[in-house]
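One structure is given here, and the rest of the page talks about it.
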Amino acid sequence: MAFLYKADPARGAQWAKLFAEKAPDLPFHIWPDHGDPAAIRYLAAWQPPANPTLTFPNLEVVFSVGAGIDQFDLSGVPAHVPVVRMIEPGIVEGMVEYVTQAALTIHRDLFDYGLQQQQQVWREMPLKPAAQRRIGVLGLGVLGTAVLERLRLFGFACAGWSRSPREIEGVECYAGEGSLDAFLARTDILVCLLPLTSATRGLLDASLFARLPRGASLIQTGRGPQLNQPDLLAALDSGQLLNAILDVTDPEPLPPGHPLWTHPRVRITPHIASATRPDTAVDVVLDNLRRHREGLPMLGQIDRTRGY
Ligand code: NDP
Ligand code: OXD
């Protein structure tokens, strides 16, 4: 019985060290070295190999090393093999930090102060209280909820949107297509923390931007293909949107010379909003292996019909 890791090898080396300490009886391999294929029971990957059970006939569980699962070709993973995404405290902390800094950057007018600095201008802008700044998060899952729980502490007017109804203390919760207009109409800073599915691909487009108040801003930390990039540029140029902070793009990276790279009202980071932390993730994976052995549901097991 063995565990195979197929993702960034430097992080894999950290996983290997942690497995050696915490589960010394479970042999751990880093792709492409997989030892005896028949011994591989568990695979953790950013992208699994195509049809993994053809190579590893005794595979029992596939783990995603990320929170998102859209990069998986699920059609190649047989239905009897559960697929588990990453829910672990390190990834949550990273996302909370990233979205908090992005929301505060927009709230405290740091885009405008940056532009002023380039002109050597020293000019105060009126300070808006957090309670008058309305933040709306698309996606009320593990990450969206954690982000809102932190932003609420700053006093922002917080809301969120999900597929099914949710209740979060101090957060106005909207659910389903029918409530999207009302959610957007009350949102000054829109954060996207949705998974990429057929329903969310291209969701952030001109029609959605038009339903936000004029001068709203976007923080995109979901997945690149959710955003229509030409529509974003048009909305920024018309003033419908004021600022955009993008951690994910399509493609990644954007090609040299793409207009988003140099737009004065766009900040881009290279998909670093958050990342699985080996020290916290390995504990979660080992706990899931125990659950699997005991016939209990694993934390983060995905529902293939929903696609997330
Ligand atoms: P979850 O699965 O826990 O939450 C997803 C949320 O989105 C749920 O609230 C779900 O609704 C909602 N949702 C899904 N589809 C729709 C829809 N069609 N309409 C309305 N709401 C919808 O995911 P996480 O919070 O763990 O992660 C979210 C995403 O963040 C990941 O899939 C990934 O793409 C991205 N991510 C980005 C990172 C980065 O570094 N940039 C790092 C980690 C993740 P419901 O509650 O009803 O199920
Ligand atoms: C993830 C990511 O999904 O890093 O975990 O994007």
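Beta carbons closer than 9 Å, at least 6 apart along the sequence or on distinct chains, never pair a first residue in the range 98-119 that is not assigned by TED's automatic domain parsing to the domain that holds Gly136 with a second that is surrounded by 15 or more Cβ atoms within 10 Å (Cβ to Cβ) and basic (Lys, Arg).
Only one entry in Thr280, Thr249 is closer than 25 Å to Leu218 by Cβ, touching a residue at least 12 places away in the same chain (Cβ under 8 Å) and within 16 Å of ligand 2 (Cβ to nearest atom), namely Thr249.
Gly307 meets each of the listed conditions (1) assigned to a loop (DSSP other than H, G, I, E, B); (2) without any contact (Cβ under 8 Å) to a residue 40 or more places away in the chain; (3) not basic (Lys, Arg) apart from (2). Of all residue pairs spaced 6 or more apart or on separate chains, those with beta-carbon atoms under 8 Å, a first member in the range 62-77 that is over 21 Å from Ile30 (Cβ atoms) and a second member that is at pLDDT 95 or above and assigned to a strand (DSSP E or B) are Ile69/Val83; Leu74/Val83. In the range 233-254, the residue that is most open to solvent (accessible area, probe 1.4 Å) out of those that are more than 16 Å from ligand 1 (Cβ to nearest atom) and outside any strand (DSSP E or B) is Asp237. Among the residues of the range 197-212, those identified as farther than 14 Å from Val137 by Cβ, open to solvent by less than 60 Å² (accessible area, probe 1.4 Å) and touching a helix residue (DSSP H, G or I) at 6+ places or on another chain (Cβ under 6 Å) are Asp205, Ala206, Phe209. Identification of strands (runs of 3 or more DSSP E) wholly contained in the range 1-116 with 2 or more residues that are closer than 30 Å to Ile219 by Cα and open to solvent by less than 20 Å² (accessible area, probe 1.4 Å) yields 40-45, 61-64. Selection of the range 255-272 for residues being open to solvent by 100 Å² or more (accessible area, probe 1.4 Å) and of a type in the set (Val, Ile, Thr) yields only Thr262. Of all residues in the range 156-177, one or more are within 14 Å of ligand 1 (Cβ to nearest atom), under 26 Å from Gln240 (Cβ atoms), part of a helix (DSSP H, G or I) and in the same structural domain as Thr249 (by TED's automatic domain parsing).
Across the range 121-135, the number of residues qualifying as under 9 Å from Gly155 (Cβ atoms) and hydrophobic (A, V, I, L, M, F, W, C) comes to 2. Step by step: first the residues of the range 39-61, then only those that are at pLDDT 95 or above and within 16 Å of ligand 1 (Cβ to nearest atom), then the one that is farthest from His292 (Cα to Cα). Which residue is that? Only one residue fits best here, namely Trp46.
Residues in the range 255-275 that are on the phi > 0 side of the Ramachandran plot and away from ligand 1 (no atom under 15 Å from the Cβ): Gly257 alone.
Working only within the range 222-231, note down all residues that are open to solvent by 10 Å² or more (accessible area, probe 1.4 Å) and part of a loop (DSSP other than H, G, I, E, B).
Listed by number, the residues that qualify are Arg223, Asn228.
Arg123 falls short on exactly one of the conditions (1) touching a helix residue (DSSP H, G or I) at 6+ places or on another chain (Cβ under 7 Å); (2) within 16 Å of ligand 1 (Cβ to nearest atom); (3) of a type in the set (D, E, K, R), and that condition is (2).
The values are calculated or read from the model by the stated rules, or taken from the named source; none is laboratory data. Note that the structure is predicted; figures quoted are calculated from it, not measured. Quick reminder, even Gly has a Cβ in these numbers, built from the backbone with ideal geometry, and neighbours come from all protein chains shown. Accessible surface is based on the protein model in full, side chains and every heavy atom, while ligands, DNA and RNA are left aside. Shrake-Rupley method; radii C 1.70, N 1.55, O 1.52, S 1.80 Å.
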